[in-house]
Every structure is written in C-alpha cells, then in structure tokens.
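> Take this structure, written in structure tokens, and hold onto it; I'll ask about it next.
The values are calculated or read from the model by the stated rules, or taken from the named source; none is laboratory data. From a predicted model like this one, the values you see are computed outputs, not experimental measurements. Using ideal geometry, Cβ is built from the backbone for each residue, glycine included, and neighbour counts are taken over all protein chains shown.
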Amino acid sequence: MIVERLTVMQGETRVCDDPQVMLTTVLGSCIAACLYDPERKLGGLNHFLLPEPGHDGTNPRELQRYGSYAMDYLVTAMLERGGVRKRLRARLFGGASLHRTFRDIGASNAAFARRFLREADIALVGEDVGGSEARRVEFQPTMGLCRCRSLTVPPPGNPELFR
C-alpha cells in the first residue's frame with residue numbers, strides 16, 4: 001500500500017527501497033529516467049531539463065538539471081544503495097515538443113538519455129517519449145512499476161475550458 005508520494009522536481013534525483021513510497025514527477029520537454037534493480041527491489045527516478053550544460057558557467061548546484069550529470073548521478077546512487085549495474089532496467093518518459101516555434105528540446109533530451117543508457121550498458125525496457133503533451137509519471141521503485149498519463153495543457157487565453 002502506498003503511504004507516501006514523493007515529488008521529484010526538475011534537477012532532482014530520488015532512490016528508494018521503501019515499498020510504501022511512490023515517486024512522481026510532471027514533465028514537458030524534460031526527461032525522467034526510472035531505474036530499477038529487480039533483485040535488490042530498489043528504484044530511482046531523475047528529472048532533467050537539457051542534455052548538457054551550456055558554456056555559460058553553470059552553477060555547480062544546478063548540474064543535475066542536465067542529463068550528463070543527472071543520469072550519472074542516478075546510476076551512482078543506485079549502485080551505492082546496493083544495485084548492480086547489469087541488473088538495472090530503465091524506462092524513459094517525457095521529451096515532448098510543447099512549442100512548435102522552438103527547437104525540439106524534448107527530442108534532444110530523449111536521444112541523449114537513450115545514448116547514455118546504451119553506452120552504460122543499461123537495458124532500456126520501455127519508454128513514452130515525444131509527442132506534444134505533458135506527462136505525469138508515477139513510479140513504484142520497489143516493484144519497478146510505472147504509470148504515465150498525458151496531461152492536457154490549457155491553450156493560452158482559454159483557461160476556463162479546463163476548470
């Protein structure tokens with residue numbers, strides 16, 4: 001039975017082996033990776049904004065907003081808590097293209113996450129990425145169960161349609 005829901009915000013990572021905890025996040029173009037070690041009954045979730053930091057002197061406290069740091073941090077946290085790399089299974093969520101006028105950051109995020117997992121030799125067992133809708137992800141870390149729901153974003157100027 002789920003007793004506590006922990007929200008993972010942009011730039012955060014959580015790893016948990018408590019069966020009463022559900023990890024949750026809301027994504028647009030960001031990516032969330034859910035990692036699970038089925039033998040250890042351990043799971044973790046991160047939430048990152050962009051694949052790599054720019055060349056503008058990123059604040060070290062904000063590095064987890066970038067996939068290059070967030071993915072490595074998640075894997076390291078899983079291993080430190082007793083997970084084994086070759087048993088890890090991954091699912092990816094998010095990467096939507098919410099604004100047609102901007103470059104497709106979501107696609108870049110998803111491509112980065114897939115490449116990271118492939119190079120780290122971690123099995124990607126599922127994904128729900130791309131499209132044009134935001135998502136809510138719920139992850140039961142001790143069971144490796146994920147649920148992802150699309151969220152309808154109200155159009156500008158018409159919020160009353162969504163009350």
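> Considering every residue within region 48-63, establish whether at least one is aliphatic (A, V, I, L, M), surrounded by 15 or more Cβ atoms within 10 Å (Cβ to Cβ), at pLDDT 95 or above and closer than 21 Å to Arg135 by Cα.
Within region 48-63, not a single residue is aliphatic (A, V, I, L, M), surrounded by 15 or more Cβ atoms within 10 Å (Cβ to Cβ), at pLDDT 95 or above and closer than 21 Å to Arg135 by Cα.
> Checking Ser108 against (1) among the polar types (S, T, N, Q); (2) surrounded by fewer than 22 Cβ atoms within 10 Å (Cβ to Cβ); (3) within 16 Å of Leu45 (Cα to Cα): exactly one of these is not met. Which one?
So the condition that Ser108 fails would be (3).
> Please tell me if Leu74 is in contact with a Cys (Cβ under 6 Å, 6 or more places away or on another chain) and modelled with pLDDT of 95 or more.
Answer is no for this residue.
> Filter region 110-163 for residues that are over 14 Å from the mean Cα position of the chain (by Cα) and of a type in the set (S, T, N, Q); which is modelled with the lowest pLDDT?
This residue is Asn158.
> Can you spot a residue in region 85-102 that is at pLDDT 95 or above and exposed (fewer than 15 other Cβ atoms within 10 Å of the Cβ)?
Yes: region 85-102 contains one or more residues that are at pLDDT 95 or above and exposed (fewer than 15 other Cβ atoms within 10 Å of the Cβ).
> Looking at this structure, is Cys16 closer than 20 Å to Arg115 by Cα and either crowded, with 20+ Cβ neighbours inside 10 Å or of a type in the set (S, T, N, Q) (or both)?
no
> In region 67-122, how many residues are part of a loop (DSSP other than H, G, I, E, B) and β-branched (Val, Ile, Thr)?
Number of matching residues: 3.
> In addition: When Ser29 is evaluated against the numbered criteria (1) surrounded by fewer than 21 Cβ atoms within 10 Å (Cβ to Cβ); (2) part of a loop (DSSP other than H, G, I, E, B); (3) modelled with pLDDT of 90 or more, which criterion, by number, is the only one it fails?
The single condition Ser29 does not satisfy is (1).
> Hey, any hits in region 5-13 for a residue that's assigned to a loop (DSSP other than H, G, I, E, B), free of Cβ contacts under 8 Å to residues at least 40 places away in the same chain, farther than 19 Å from Leu117 by Cβ and out of contact with any strand residue (DSSP E or B) (no Cβ under 6 Å at 6 or more places or on another chain)?
Yes: one or more hits.
> Go through (1) closer than 17 Å to Gly144 by Cα; (2) modelled with pLDDT of 95 or more; (3) assigned to a loop (DSSP other than H, G, I, E, B) for Met1 and report which single condition fails.
The failed condition is (2).
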